[in-house]
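Have a look at the structure below before the remarks.
The values are calculated or read from the model by the stated rules, or taken from the named source; none is laboratory data. Only a predicted model underlies this, so the values are computations on that prediction, with no experimental measurement involved. Virtual Cβ from ideal backbone geometry, glycine too; neighbours counted across all protein chains shown. All accessible areas refer to the heavy atoms of the entire protein, side chains included, with ligands and DNA or RNA removed. Shrake-Rupley method; radii C 1.70, N 1.55, O 1.52, S 1.80 Å.
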Amino acid sequence: MTHDPTDYRTKLTRRRLLSGIGAFTAALTSPIWRVSTAFGQTPKVAAARRFIGVFSANGTIASEFFPGCSNLLATSPNSCPTAPPDSPLTVASLGRILQPLAAHVSQMLVLKGVDMISTVSNQLGTMTSKPGGPHMKGPGAMLTGGSLLPGSFQGAGGPAGYADRISVDQFIANRIGTTTAFKSLEFGVRVIGGEPLNTISYSGANQPNVPIYDPVQMYSRMFANANLSSTQLTQLLSERKSVLDFLQSDIGALEPRLSSNDQARLDAHLTGIRSIEQQLSSSASACATPKAPPMLDPNDMANFPAIGKLQMDMMLLAHSCGMTHVSTFMWANADSWQYYPFAGVNEEHHGTSHCSDTDSVNVENLVLINIWQAQQVTYLLDQLAATLESDGSTMLDNTVLLWGNELGVGNTHDYKNIPWMLAGGAGGYLKTGRYLQFPDVPHNNLLVSICNAMGFSDVTSFGIPGVCTGPLAGLAA
C-alpha cells in the first residue's frame, strides 16, 4: 500500500505544537511598544516581575556608602563599625553616596557583609588560587556566583577566560523570557575593556553576553521595524495575527489525540495568544517607537553621560513595553579608566581608586564619582516608580534591581563588603526600607534570594555549591 509523501517541514505533531507555542507568542508580541505604561498585561492580573542588574566599577568608599558611617570619612574612609543586623533605612542614615536615592529608601535594601567569596574559594573556609586578577574575577562572579575559567585573556593577575557558569539574569530569563520579544537585553556605557572585564551576563560556561554600548546599535536591535511605513506595519500585524488562523485546521485535527493535560496546556496557550492578538488590534500604536538616537562616538569619554541617558531610556522602554523582563547595565568595564569631569573629577577612575586612605583629595574624588553613579540609579528608580502597571501598581513595585560592583574597596582589591543595594518590591516579596548587616556571608546567597524574589521558590543554591548556604536571611516580607 502506498502513501502520499509527508512533508515533515510542515507536519504538525503534538510535540511540535506544544513546544512551538512559546515561539508563536514571542513572534506575535515583537516589536510593538508603548512609552508610558507597562504594555501587554491583562487588567487586574498581577503584573510581571522584572530583574535589572546594574554594575559599577572599582569599589566604593565604605564610610560614605554604608549607612551611619560618615563620621569615619576623615580618619578611616574604608571602615564602618558593626551595627544591629537589621536597622531601618532612613534618609538621615544615608551616607553621601546614597543620598541621591533618598526618595526611594522605603523600597531599598542596603546590604553589608555580603562577600564575593566565589572569586577565591570553592568551599567555605578554604582559599583557592583561581585564574584572573581581582578586577577580572569580579564581573565574572557578580551574577554567576562562580569564577573564571582558565584562558588567554591578559590583565593584572591574568591570564584567565570567561566565567564558568550561567548568571542569575540568564537563569531568570530562561524561565520568564519565553513570551517576550527579547529574553534579555544587555546595555552598557563605554564598556571598552578587554575580556572578561566587559561582561557580567553569561548564558552558560564560556558563553558571555557582551553588552551593547553604542545606542545606535542597540536601537537597531530593539526597533528593527522602526522605519516601516504604516501600510507595511499594518501588513506585519496582519501576518502575525494570522498565525493561529493558518494553523487552525491542523490544531483541530490534532486536539482529539491530546491527553487531557496536554489539552489543558494547549487551551491555556491559545487563550493567551488570542488575548495578544486582541492587544495587537486595539493597541498597535500605543507604544510608540522613539526617534533614533543621535550618532555619538561610544568610545569618547565626553559622551559618557549622554550615552548613559540614551541607554537607560531604551532599557526602561524595553521593560515598560513588555519587550523584555530581564536586563543588565554596565557603567563602563571593570577596571574602568573613565574620567568624570561632569561629576567634578577630572581624574581617571581606576588610578584614583588605588589612592591611600589618607589621600583626602582623591578619597573625595571617589565619593563624587560614586555619587554621580548613584544619581544614575536614582533616575532608573524614578522612572520605574512613575510607570503604572495595569493592576495599578508601579513597575518599581514589581522589579528587583540589583546594584553591585566587582570590588568592595579599590585600593586593596578586597572581595569583602561589596556595596550591594537592592531596590523594588518584587511584587511584595521583599521587605524593604532596611539596612542589613551579615557576618561575611557569600554573595551566592544573595543570588538565591533574587531567584526566590522572582518567584522561583525551588531555587535553594546558586553558583558554586560549596560557597552557598541558601538564601539570605530576612529579605522576604
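Condition test on residue 427, is it in a helix (DSSP H, G or I), open to solvent by 10 Å² or more (accessible area, probe 1.4 Å), at positive phi and in contact with a helix residue (DSSP H, G or I) (Cβ under 8 Å, 6 or more places away or on another chain)? It is true that residue 427 is in a helix (DSSP H, G or I), open to solvent by 10 Å² or more (accessible area, probe 1.4 Å), at positive phi and in contact with a helix residue (DSSP H, G or I) (Cβ under 8 Å, 6 or more places away or on another chain).
Listed here are the residues, each with its yes/no results for (1) in contact (Cβ under 8 Å) with a residue 40 or more places away in the chain; (2) out of contact with any Asp or Glu (no Cβ under 9 Å at 6 or more places or on another chain); (3) not in a strand (DSSP E or B).
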residue: 362; (1), (2), (3): no, no, yes
residue: 400; (1), (2), (3): yes, yes, no
residue: 407; (1), (2), (3): yes, no, yes
residue: 416; (1), (2), (3): yes, no, yes
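Quick one: is residue 113 small (Gly, Ala, Ser) and open to solvent by less than 10 Å² (accessible area, probe 1.4 Å)? Considered against the rule, which asks whether it is small (Gly, Ala, Ser) and open to solvent by less than 10 Å² (accessible area, probe 1.4 Å), residue 113 comes out as yes. Screening the range 163-274 for helices (runs of 4 or more DSSP H) wholly inside it with 2 or more residues that are within 24 Å of residue 323 (Cα to Cα), of a type in the set (A, V, I, L, M, F, W, C) and modelled with pLDDT under 75 returns the ranges 230-241, 243-254. Among the conditions (1) touching a Ser or Thr at 6+ places or on another chain (Cβ under 9 Å); (2) in a helix (DSSP H, G or I), residue 368 misses just one, which is (1). When 457, 390, 449 are checked against the criterion of being of a type in the set (S, T, N, Q) and under 17 Å from the mean Cα position of the chain (by Cα), 449 stands alone in meeting it.
Of all residues in the range 89-122, which are part of a loop (DSSP other than H, G, I, E, B) and either over 19 Å from residue 444 (Cβ atoms) or of a type in the set (Asp, Glu) (or both)? Working first, answer last.
To start, the set of residues in the range 89-122 that are part of a loop (DSSP other than H, G, I, E, B) comprises 89-98, 116, 120-122.
Hits for the range 89-122 are 89, 90, 91, 92, 93, 94, 95, 96, 97, 98.
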